[in-house]
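One structure is given here, and the rest of the page talks about it.
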Amino acid sequence: MATNPMDDPRNHIRLRFIEGVKAELRLVSMDGEPLTSSTSTVLLLNMSQNGLCFLSGLQLPVQRNYRVQFRMKLSRTQIIVRGRIVWCSKNDNQFVHGVLFECSDTLRSLIIGAMNEELLGRQPQQQKIHNLYSRLLHKSKVTFEGYRF
């Protein structure tokens, strides 16, 4: 259990995939070497900047001695990210897994950008408000008498 509320991965907005997004899953060692030559296609249910939830016929153990690697296309961005399985539950004949990403801040920023682009693609009318906030954000960085706001 997270002691600091900011450490809780559920504090981040999750992008729910209504129609599902397919991803290629591969089991890898701690240093990123493939553990098997095969991959499996899984269905992504939701995603945040810190992790994702997927549905699969595979029941993967919750252990720290291996990682899962996902190759997916979100909006127009190809993403390859690694993480560890932190929970698993059975759903009929399928298994739902929760994954916590282990990635750089640069990759996390790429994921956030792709998620934002996906949201804008779903609701293009929101583009105007995103542009407004973006302009306001850039204006607020103007310095005034040596102080930055």
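The values are calculated or read from the model by the stated rules, or taken from the named source; none is laboratory data. Keep in mind that what you see is a predicted model, and the values were worked out from it rather than measured. Please note: Cβ atoms are built from the backbone with ideal geometry, for glycine as well, and neighbour counts cover all protein chains shown.
Do you know which residues across the range 56-79 are outside any loop (DSSP other than H, G, I, E, B), surrounded by 16 or more Cβ atoms within 10 Å (Cβ to Cβ) and out of contact with any helix residue (DSSP H, G or I) (no Cβ under 7 Å at 6 or more places or on another chain)? Answer for the range 56-79, where residues must be outside any loop (DSSP other than H, G, I, E, B), surrounded by 16 or more Cβ atoms within 10 Å (Cβ to Cβ) and out of contact with any helix residue (DSSP H, G or I) (no Cβ under 7 Å at 6 or more places or on another chain): S56, R67, V68, Q69, F70, M72. Tally time: how many residues in the range 17-40 are exposed (fewer than 10 other Cβ atoms within 10 Å of the Cβ) and either under 30 Å from Q123 (Cβ atoms) or of a type in the set (F, W, Y) (or both)? Counting residues in the range 17-40 that are exposed (fewer than 10 other Cβ atoms within 10 Å of the Cβ) and either under 30 Å from Q123 (Cβ atoms) or of a type in the set (F, W, Y) (or both) gives 2. Looking only at the range 1-32, residues that are within 17 Å of I85 (Cα to Cα) and at pLDDT 90 or above come to 8 in all. Screening the candidates L52, L74, L35 for the property of being modelled with pLDDT of 95 or more and in contact with a Leu (Cβ under 9 Å, 6 or more places away or on another chain) yields one hit, L52. In the range 111-125, of all residues being within 14 Å of M72 (Cα to Cα) and in contact with a Ser or Thr (Cβ under 7 Å, 6 or more places away or on another chain), the one that is surrounded by the most Cβ atoms within 10 Å (Cβ to Cβ) corresponds to A114. In the range 38-64, the qualifying residues are those that are within 25 Å of N93 (Cα to Cα) and among the small types (G, A, S), and the one that is nearest to the chain's Cα centre (by Cα) is G51. In the range 22-44, the residues that are free of Cβ contacts under 8 Å to residues at least 60 places away in the same chain and assigned to a loop (DSSP other than H, G, I, E, B) reach residues that are surrounded by 14 or more Cβ atoms within 10 Å (Cβ to Cβ) and of a type in the set (S, T, Y) with C-beta atoms within less than 7 angstrom, at least six apart or across chains, in these pairs: S29/Y66; L35/Y66. Summed over the range 80-100, the residues that are out of contact with any Ser or Thr (no Cβ under 9 Å at 6 or more places or on another chain) and in a strand (DSSP E or B) give a count of 14.
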